[in-house]
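Written out below as structure tokens is the structure these notes cover.
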Protein chains: 2
Amino acid sequence: MSADHPTILCTVDVVLLTLIDGALHVLLQKRAADPFSGVLALPGGYVHAQEDRDAADAAARVLREKTGIVSPYLEQLACFAGPGRDPRGWSVSIAHVALVAEEALRAVPAAAGAEPQWKPVARLPVLPFDHRQIVARAVERVRTKSQYSSLPVYLCGERFTLPQLQAVYEAVLGEPVNKVSFRRKIDELGVVEPIEGEFEAGGAHRPAQLYRLRRAFRHALSVSGRGLGG
Amino acid sequence: MSADHPTILCTVDVVLLTLIDGALHVLLQKRAADPFSGVLALPGGYVHAQEDRDAADAAARVLREKTGIVSPYLEQLACFAGPGRDPRGWSVSIAHVALVAEEALRAVPAAAGAEPQWKPVARLPVLPFDHRQIVARAVERVRTKSQYSSLPVYLCGERFTLPQLQAVYEAVLGEPVNKVSFRRKIDELGVVEPIEGEFEAGGAHRPAQLYRLRRAFRHALSVSGRGLGG
DNA sequence: GCAATAGTGTCTTTGAGACAGTATTGA
DNA sequence: TCAATACTGTCTCAAAGACACTATTGC
């Protein structure tokens with residue numbers, strides 16, 4: 001029965017987001033091969049049936065191979081499929097969203113793929129395939145989830161203060177949040193903990209308590225994004 | 001580059017839910033072909049590159065061809081993918097959730113496929129592939145969305161009373177809901193409207209106002225499920 | 001002391017649930 | 001008139017936001 005139907009292209013794409021100067025940016029790379037060789041696009045690639053254990057695994061591999069980045073948060077976004085999105089024919093892209101702290105990018109080893117470029121999601125260049133819609137859906141998902149979850153902590157570095165975390169929420173949501181209710185919410189979500197005796201010094205004002213992710217929410221590898229407060 | 005990789009099976013599966021005697025039921029059919037020929041499973045099939053315009057379109061076609069049902073609500077759920085879920089090899093299933101009123105099933109023409117069987121989601125038989133997880137995720141999605149949206153209206157017939165709609169919500173959510181806040185919420189969602197002068201007669205009590213979906217929320221065909229109060 | 005930001009106590013406002021009342025039917 | 005359910009007005013309670021106050025630093 002499978003022979004009745006022409007081969008369908010099966011790929012994964014990754015929308016990797018980070019916060020630069022208070023604005024969400026997405027990682028783009030110049031494509032190494034046709035179609036659209038040399039054009040800026042989302043990192044993506046074919047599923048490797050020999051090595052990938054599932055779609056998230058494939059997305060994590062593609063991200064690692066092309067950019068050297070291992071994201072602490074990786075979640076399936078949706079399938080984008082149809083006859084027109086890829087000039088080669090009917091294709092399926094299993095799109096994923098990943099989050100990383102800008103700070104963590106400084107430790108990334110030399111990438112195997114093209115030099116990554118960060119573009120603000122509010123001013124994207126023209127993108128091939130349906131990558132513009134994919135990015136839009138990813139941003140929408142992150143904004144929606146940030147309203148009730150602790151997702152934005154994955155945009156912070158290892159150590160952060162609550163005022164910093166609040167600024168991250170405000171940047172993602174695009175609106176100010178109430179300080180008191182923000183702290184109440186973060187407290188009851190229970191995903192971060194104060195680092196005993198550690199404070200952010202430097203300013204001409206009272207130093208802020210440093211926090212970190214609780215152990216149960218730290219991931220060296222990719223996670224599904226479900227049921228983890230994300 | 002595509003030749004580097006073995007063919008990946010690309011299918012769609014549909015979790016069609018309805019409410020029977022106050023309990024969520026899922027439509028299953030005996031499979032017509034191997035693998036698992038003759039075993040009860042979700043209706044599913046290959047993507048047809050020649051005719052399907054996207055994944056939801058493929059799901060609607062599969063559902064229509066195999067069961068004769070055209071659902072007023074169809075939404076992409078997630079991709080289930082991996083080497084172990086199908087004995088034929090690495091496979092991708094683009095799973096969808098669909099909702100239909102039990103009442104609407106009576107008007108369904110003779111199905112081209114096997115006789116559909118409705119099984120309660122709380123007591124599923126053993127299912128092939130990863131269909132059990134797919135059903136579980138579908139039910140979880142419907143429950144979650146029902147908490148804040150008008151999704152359950154698609155489990156009602158064309159005309160319904162608010163007490164009937166409330167009972168549907170309670171069946172889906174598995175818990176009683178407050179009558180006053182329920183009516184406030186339905187009112188502000190703005191997806192239903194009273195049918196002027198029409199009441200549900202019959203009981204030895206005050207008749208209830210009949211309601212229907214507002215025109216903007218009625219769909220003869222499948223919809224994406226996003227941004228429509230669903 | 002003063003400016004600046006961190007952190008907290010508490011009042012107000014808003015929305016959800018509880019409860020009890022009125023409305024309308026068939027018997 | 002009574003039982004039964006539809007519908008509605010209003011009180012109570014809990015969560016969220018507003019505001020103001022204290023805390024701690026560098027200058």
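When you scan segment B:83-90, do you find a residue that is more than 10 Å from every other protein chain (Cβ to nearest Cβ), of a type outside the set (D, E, K, R), on the phi < 0 side of the Ramachandran plot and not in a strand (DSSP E or B), even just one?
Let us first name the residues in segment B:83-90 that are more than 10 Å from every other protein chain (Cβ to nearest Cβ), namely B:86-87.
Within this subset, residues satisfying the condition of being of a type outside the set (D, E, K, R) are B:87.
From the residues that got through so far, the ones that are on the phi < 0 side of the Ramachandran plot too are B:87.
Okay, now just the ones that are also not in a strand (DSSP E or B), so B:87.
Yes, that holds for at least one residue.
I'd like to know if segment B:130-150 contains one or more residues that are in a helix (DSSP H, G or I) and over 18 Å from the mean Cα position of the chain (by Cα). Full working, then the answer.
Pass one, segment B:130-150, residues in a helix (DSSP H, G or I): B:131-146.
Those still in the list that are over 18 Å from the mean Cα position of the chain (by Cα) too: none.
The answer is no; no qualifying residue exists.
Determine, yes or no, whether B:His96 is in a strand (DSSP E or B) and either modelled with pLDDT of 95 or more or within 10 Å of chain A (Cβ to nearest Cβ) (or both). Steps first, please.
On the way: in a strand (DSSP E or B): yes; either modelled with pLDDT of 95 or more or within 10 Å of chain A (Cβ to nearest Cβ) (or both): yes.
Taking the combined requirement at face value, the residue satisfies it.
Starting from segment B:197-213, take each residue that is assigned by TED's automatic domain parsing to the domain that holds B:Glu158 and list its partners that are of a type in the set (Lys, Arg), counting only C-beta distances under 8 angstrom and pairs at least six apart or across chains.
The qualifying pairs are B:Glu198/B:Arg159; B:Leu210/B:Arg159; B:Tyr211/B:Arg159; B:Arg212/B:Arg159.
Would a scan of segment A:130-144 turn up a residue that is within 16 Å of DNA strand D (Cβ to nearest atom) and either modelled with pLDDT under 95 or within 29 Å of A:Ala56 (Cβ to Cβ) (or both)? Before you say what the answer is, go through the steps one by one.
As a first pass, look at segment A:130-144 and keep what is within 16 Å of DNA strand D (Cβ to nearest atom): A:143-144.
Now narrow it down to the ones that are either modelled with pLDDT under 95 or within 29 Å of A:Ala56 (Cβ to Cβ) (or both): A:143-144.
Yes - at least one qualifying residue is present in segment A:130-144.
Being closer than 28 Å to A:Leu77 by Cβ, at pLDDT 95 or above and of a type in the set (Lys, Arg) is the requirement here; does B:Arg88 meet it? If you could, list the steps in order and put the result at the bottom.
Working: closer than 28 Å to A:Leu77 by Cβ: yes; at pLDDT 95 or above: no; of a type in the set (Lys, Arg): yes.
It is false that B:Arg88 is closer than 28 Å to A:Leu77 by Cβ, at pLDDT 95 or above and of a type in the set (Lys, Arg).
When you scan segment B:150-158, do you find a residue that is among the aromatic types (Phe, Trp, Tyr) and under 30 Å from B:Lys30 (Cβ atoms), even just one? Break it down stepwise before answering.
Our first condition is that a residue be among the aromatic types (Phe, Trp, Tyr); within segment B:150-158, this holds for B:154.
Adding the requirement that they be under 30 Å from B:Lys30 (Cβ atoms) leaves B:154.
Checked segment B:150-158: at least one residue is among the aromatic types (Phe, Trp, Tyr) and under 30 Å from B:Lys30 (Cβ atoms).
Does any residue in segment A:116-127 that is in a loop (DSSP other than H, G, I, E, B) come within less than 6 Å, Cβ to Cβ, of a residue that is surrounded by 12 or more Cβ atoms within 10 Å (Cβ to Cβ) and among the hydroxyl-bearing types (Ser, Thr, Tyr) six or more places away or on a different chain, and which pairs are these?
Partner pairs satisfying both residue conditions: A:Pro116/A:Thr67.
State the number of residues belonging to segment B:158-191 that are exposed (fewer than 12 other Cβ atoms within 10 Å of the Cβ) and either under 21 Å from B:His96 (Cβ atoms) or within 16 Å of DNA strand D (Cβ to nearest atom) (or both).
8
Just to be sure I understand the filter: pairs with C-beta atoms under 6 Å, separated by 6 or more residues or on different chains, first member in segment A:52-69 and facing chain B (nearest Cβ under 8 Å), second member among the aromatic types (Phe, Trp, Tyr) and crowded, with 21+ Cβ neighbours inside 10 Å. Which pairs pass?
none
Can you spot a residue in segment B:19-39 that is within 14 Å of chain A (Cβ to nearest Cβ), surrounded by 15 or more Cβ atoms within 10 Å (Cβ to Cβ) and in a strand (DSSP E or B)?
No, segment B:19-39 has no match at all.
Quickly run through segment B:174-230 and pick out the residues that are assigned to a loop (DSSP other than H, G, I, E, B), touching a strand residue (DSSP E or B) at 6+ places or on another chain (Cβ under 8 Å) and at pLDDT 90 or above.
B:Val191, B:Pro207, B:Arg214
The values are calculated or read from the model by the stated rules, or taken from the named source; none is laboratory data. From a predicted model like this one, the values you see are computed outputs, not experimental measurements. Glycine also receives a Cβ, built like all others from the backbone with ideal geometry; neighbour counts cover every protein chain displayed.
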